[in-house]
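Undergrad: Quick one: structure below, then a few questions.
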Amino acid sequence: MNSFRKGAILLLLLILSSECLEARLQSCKPSGKIMGKKPPPGQCNQENDSDCCKQGKLYTTYKCSPPVSGTTKATLTLNSFEEGGDGGGPSECDNKYHSDNTPVVALSTGWYSGGSRCLNNITISANGQSVTAMVVDECDSTMGCDEDHDYQPPCPNNIVDASKAVWKALGVPEDDWGQMDITWSDA
């Protein structure tokens, strides 16, 4: 075999190998399931149309999220970070509550990355607009359906859970608040 052919074959193998590696890095498989429990009366805050766990339903859990890029695809959801809001207790990053008028977010467990993004800004783009928001909390993808999680199911692995200020800054009409496809990146 001539050296040109050998080089071409090696290059092809290298490309295929890197494509397989990239595919593995982009996959994020479920890590398990948890069984839903019926919340005690009045214990699941459904502000912002939050879901409550259902008795006997299996909920998928994740320890990972899709890889972050310059334009990471995600689902934007609505959350109140205020005391008494549907976000539950104080934020993980600073053990404080935050006004709904402040652009703050919680990220799915994999993107939250053990708190490595705490109090850092991300840029969220959608609806022809962009907004900068501070990461203050984790949207737990590994646990749920208990008092610590306000009897809500685990988050999917692709969630940016945002305050009302983020939705306003993106120019989304209030009637459309709740869930929307976005992209985001570290600011």
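The values are calculated or read from the model by the stated rules, or taken from the named source; none is laboratory data. Just so it is clear, the model here is predicted, and its values are computed rather than measured. Cβ placement follows ideal geometry from the backbone for every residue including glycine, while neighbour counts extend to all protein chains displayed. Note: areas computed on protein heavy atoms with side chains; ligands, DNA, RNA excluded. Shrake-Rupley method; radii C 1.70, N 1.55, O 1.52, S 1.80 Å.
Undergrad: Along each of the three principal axes of the Cα atoms of the chain, give the extent in whole Å, ordering the values from largest to smallest.
TA: So the three principal-axis extents are 76, 40, 30 Å.
Undergrad: Roughly what angle does helix 3-26 make with the longest principal axis of the chain, taking Cα atoms, 0 to 90 degrees, to the nearest 10?
TA: Rounded to the nearest ten degrees, it is 10.
Undergrad: Would you mind finding the longest exposed-site-free stretch of the chain, with exposed GluC sites (Glu not before Pro) meaning DSSP loop and at most 16 other Cβ atoms within 10 Å?
TA: Numbers: sites that count: Glu83, Glu92.
That gives 93-187 as the longest site-free run.
Undergrad: Give the carbon-plus-sulfur fraction of the accessible surface of the chain in %, rounded to a whole number; probe 1.4 Å, heavy atoms of protein chains only.
TA: Values: 5320 of 10620 Å².
Carbon and sulfur together cover 50 percent of it.
Undergrad: Heavy-atom accessible area per residue, region 60-187, 1.4 Å probe: how many Å²?
TA: Numbers: 5700 Å² over 128 residues.
Here the residues of region 60-187 average 45 Å² of exposed surface.
Undergrad: Follow-up. Suppose the chain between Met35 and Asn121 were pulled fully straight at 0.36 nm per residue; how much longer would it get relative to their current alpha carbon spacing?
TA: Numbers: separation 86, 0.36 × 86 = 30.96 nm, distance 3.41 nm.
The Met35-Asn121 span can extend by a further 27.5 nm.
Undergrad: What is the gain in length, in nm to one decimal, between Asn101 and Glu147 on full extension, counting 0.36 nm per residue of separation less the C-alpha to C-alpha distance?
TA: Values: separation 46, 0.36 × 46 = 16.56 nm, distance 2.61 nm.
Going from the current span to full extension adds 13.9 nm.
Undergrad: What is the count of Lys pairs in the chain whose alpha carbons sit under 16 Å apart, if the two are 8 or more places apart or on different chains? It would help to have the intermediate numbers written out before the result.
TA: Values: Lys29/Lys63; Lys33/Lys54; Lys33/Lys57; Lys33/Lys63; Lys37/Lys54; Lys37/Lys57; Lys38/Lys54; Lys38/Lys57.
Final tally of qualifying lysine pairs is 8.
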